[in-house]
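Chemist: For reference, the structure I am asking about is given below.
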Amino acid sequence: MPAPTAQSKAAPDTMAVVLVTGSYDHEIRFWEAWSGICSRTIARTGEAGQVNRLAISPDKRLLAAAIHKKVNIYEIGSASSDPIMTFEGHTLNVHPVSFHSEGKWLVTGSEDGTIKIWDLRGNNSHLHRTYDNTAPVNDVCVHPNQGELISCDQAGSIKQWDLSENICSHELTPVADVPIRSVSLAADGSFLVAGNNKGKCYVWKVNDENSGLPRFQAVTRFHAHNKYLTRCLLSPDAKYLATCSADTTVKIWSISQNYEFKQEKVLVGHQRWVWDCAFSADSAYLVTASSDHTARLWEMASGETVRQYNGHHKAAVCCALHDGAS
């Protein structure tokens with residue numbers, strides 16, 4: 001996400017960078033990344049439920065917002081605060097929400113112990129499939145092959161769900177009954193990182209199903225934070241891992257070719273828990289959301305805050321950034 005030039009500032013495509021935050025104040029805010037100005041607020045007046053998680057569709061057309069037990073789909077190019085569709089079916093809080101690479105479907109996970117796939121195609125958007133995970137689901141990511149999901153849960157399990165066979169095909173449990181808070185898969189699907197409630201990260205190499213090797217091959221583990229870990233996220237180029245924590249910091253870890261994780265920087269500035277983060281497409285910037293009511297844009301090279309986004313009246317708990325090609 002390079003800094004805007006005079007030429008790019010004048011460009012008509014004002015949504016080249018889509019940056020969104022959600023908060024316990026129930027509001028969803030769109031921001032101009034470089035000016036820090038809030039360009040649009042979805043106030044959700046009269047509608048109950050805090051915003052738990054946000055996801056932007058690959059074509060930058062849709063915003064999915066996990067709000068209490070439902071998911072609202074908003075049109076990013078519209079000024080309307082009304083969702084164009086709402087998915088209801090979960091019975092408890094929805095947290096993870098993620099788009100298919102071509103925007104054909106959306107996956108959600110919930111405290112109700114289920115993972116649901118919603119068909120977004122045409123005017124007949126509907127629930128396509130439900131997986132019973134049993135334990136409350138904390139995070140879900142879509143494998144780059146678009147044929148598998150990786151989830152993690154409160155029981156301490158990480159599961160691979162095969163979309164074609166409609167089954168859980170693999171299960172990992174690093175430490176039983178220690179909740180896995182977050183999972184992140186490299187963009188090429190080559191390795192997986194998971195972070196648990198006690199601040200520990202686990203790393204697996206992901207082997208091809210036909211290689212004769214275990215699908216998930218443990219390569220390392222390390223202690224990232226002394227307090228609760230809220231999020232772990234690999235950069236698009238898979239050279240860095242960001243970990244967010246209740247200790248108010250975000251740590252940046254470099255990753256060697258043989259999966260050695262080295263702490264490179266500690267991003268200091270937030271005053272309370274850091275809940276979520278999102279990388280720019282070029283892996284040069286990171287956006288974070290915090291209980292201190294703010295979001296921040298960090299420059300990875302310097303580890304410095306280059307912009308702060310002020311406007312939420314309660315904890316900012318989720319953020320989404322899409323500045324790549326749509």
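Chemist: Please report the carbon-and-sulfur percent of the accessible area for the chain; probe 1.4 Å, protein heavy atoms only, DNA, RNA and ligands left out. Mind dumping the intermediate values first?
Modeler: Working: 6470 of 13820 Å².
C and S atoms contribute 47 percent here.
Chemist: Round to the nearest 0.05 the FRET efficiency obtained for S80 and Q271 when R0 = 35 Å and r is the Cβ-Cβ distance. Can you show the working numbers first?
Modeler: Numbers: r = 34 Å, r/R0 = 0.97.
About 0.55, to the nearest 0.05.
Chemist: Let me ask something else. Take every Cα pair under 8 Å in the chain that's 6+ residues apart, average their separations, divide by the length, and report that relative contact order as a whole percent.
Modeler: Numbers: 919 pairs, mean separation 44.1, N = 326.
Once normalised by length, the contact order is 14 percent.
Chemist: Let me know the longest stretch in the chain that avoids all GluC sites (Glu not before Pro) found in a DSSP loop with at most 15 other C-beta atoms within 10 Å. Walk me through the intermediate numbers first.
Modeler: Details: sites that count: E47, E102, E165, E209, E260.
Longest run free of exposed loop sites: 261-326.
Chemist: Okay, next question. If the elastic network links every pair of Cα atoms under 10 Å, which of S110, S283, S35 fluctuates the most in the Gaussian network model of the chain?
Modeler: S35
Chemist: On to the next question. Below 8 Å between Cα atoms, with a sequence gap of 6+, how large is the relative contact order for the stretch 89-204 in percent? Walk me through the intermediate numbers first.
Modeler: On the way: 291 pairs, mean separation 18.4, N = 116.
Here the relative contact order equals 16 percent.
Chemist: Can you tell me the FRET efficiency between L127 and Y24 if r is taken as the Cβ-Cβ distance and R0 is 35 Å, rounded to the nearest 0.05? Show your work: numbers first, answer last.
Modeler: Numbers: r = 27 Å, r/R0 = 0.78.
After rounding, the FRET efficiency stands at 0.80.
Chemist: Sticking with this one: Can you tell me the dipole magnitude for the chain around its Cα centre, using point charges on the Cβ only (Lys, Arg +1; Asp, Glu -1), in Debye to the nearest 20?
Modeler: On the way: 30 positive and 34 negative charges, 133 e Å.
The calculation lands at about 640 debye.
Chemist: I would also like to ask the following. Between K262 and S164, how many nm apart are label points set 7 Å from Cα along the C-beta direction?
Modeler: 4.0
Chemist: Dipole size in debye (nearest 20) for the stretch 224-326 around its Cα centre, Lys and Arg Cβ +1, Asp and Glu Cβ -1? It would help to have the intermediate numbers written out before the result.
Modeler: Working: 10 positive and 10 negative charges, 64 e Å.
It works out to roughly 300 debye.
Chemist: Keeping all protein chains in place, calculate the accessible area per residue for the stretch 196-326 (probe 1.4 angstrom), answer in Å².
Modeler: Numbers: 5770 Å² over 131 residues.
Normalised by residue count, the accessible surface of the stretch 196-326 is 44 Å².
Chemist: For the pair R215/H313, report the inter-label distance in nm, with labels modelled 7 Å from Cα in the Cβ direction.
Modeler: Reported label-point gap for R215 and H313 is 4.7 nm.
The values are calculated or read from the model by the stated rules, or taken from the named source; none is laboratory data. Computed from a predicted model, the values in this text were never measured in an experiment. Glycine also receives a Cβ, built like all others from the backbone with ideal geometry; neighbour counts cover every protein chain displayed. Quick note on the areas: whole protein, heavy atoms, side chains included, nothing else; ligands and nucleic acids left out. Shrake-Rupley method; radii C 1.70, N 1.55, O 1.52, S 1.80 Å.
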